[in-house]
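Reading through the structure tokens given below for one structure.
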Amino acid sequence: MLFTRTLLKRHSVLPGFDLALGFTLLYLSFIVLLPLSAAFLKTATMTWPAFWDAVTSPRVLASYRLTFGASFAAALMNAVFGLVVAWVLVRYEFPFKRLVDALVDLPFALPTAVAGIALTALYAQNGWIGRYLPFKVSFTPLGVFVALTFIGLPFVVRTLQPVLEDLHKEIEEAAATLGASRLQTFTKVIFPIISPALLTGFALAFARALGEYGSVIFIAGNMPLISEITPLLIITKLEQYDYTGATAIAVVMLVSAFALLLAINGLQAWTRARQGR
């Protein structure tokens, strides 16, 4: 046993642990830690009253409500319909399946500005879809929700697909043999297995939506206190040379998003532990 471990260690494809860990920490420091530290250090130059005024003004609070609310709603929508799309792609054969599968990745490849212009044209009051709707989508908070749903769908689908592919149909057949209905089979057998992956896809879609800018600014209308998202407000303050105000709002977004993602990761760990027991 000892000889086998030594042999595997000698023939490892990757370099040694110390070198790999050092490279990982160095890479993360340059790519992630230094930019985030700069935001915190810039914000630290403000006094507490100035910081509080910058992050709690009525315009900023309205942008928080829209950004977090629309991001959460879009991620929740994608969790539901992304599961359906992933299930269909994995379990069924139909014409043009590969084309549909490729279309799922379209938000990844499409420039966000192009996506925003296309969505605005489609959902405008004279657009192909918007003209038939009894309510207005473009230039409203609903348009923000539509754009965030568009860019977040691939995260849920691609996270769920490998799990569903490993989920054998024999499990469903065994549950049906034991007298379980379709609803019971899904809620008691399938959902507990896929729930960690579903939560991961939800978290990825939510995090992606929080920082989205390009596809939203065209369809949102960008009206202060109504349809202005927080990333746009940060850009606006930067254009006004209010760097400390911009970094203060960015820090609030960063801390809030990290806390929410940490809570979701904790829920995932709890789900896995419960399944293990």
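Figures for the structure shown
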item	result
Members of segment 37-85 that are within 18 Å of V144 (Cα to Cα) and of a type in the set (S, T, Y)	S63, Y64, T67, S71
Candidates L99, L66, L76, filtered to the one that is of a type outside the set (D, E, K, R), out of contact with any strand residue (DSSP E or B) (no Cβ under 9 Å at 6 or more places or on another chain) and free of Cβ contacts under 8 Å to residues at least 24 places away in the same chain	L99
Some residue of segment 168-191 being modelled with pLDDT under 90, charged (D, E, K, R) and surrounded by 17 or more Cβ atoms within 10 Å (Cβ to Cβ)	yes
Helices (runs of 4 or more DSSP H) wholly inside segment 168-277 that include at least 3 residues being in contact (Cβ under 8 Å) with a residue 60 or more places away in the chain, under 15 Å from the mean Cα position of the chain (by Cα) and farther than 30 Å from A54 by Cα	191-210
Count of residues meeting criterion [touching a residue at least 40 places away in the same chain (Cβ under 8 Å) and either closer than 30 Å to G143 by Cα or of a type in the set (S, T, Y) (or both)] in segment 40-63	9
Subset of segment 177-190 [hydrophobic (A, V, I, L, M, F, W, C) and either in contact with a His (Cβ under 7 Å, 6 or more places away or on another chain) or under 19 Å from V90 (Cβ atoms) (or both)]	F186, V189, I190
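The values are calculated or read from the model by the stated rules, or taken from the named source; none is laboratory data. The shown structure was predicted, so the numbers you read here are calculated from the model rather than taken from an experiment. Cβ coordinates were reconstructed from backbone atoms using ideal geometry, including for glycine residues, and neighbour counts include every protein chain displayed.
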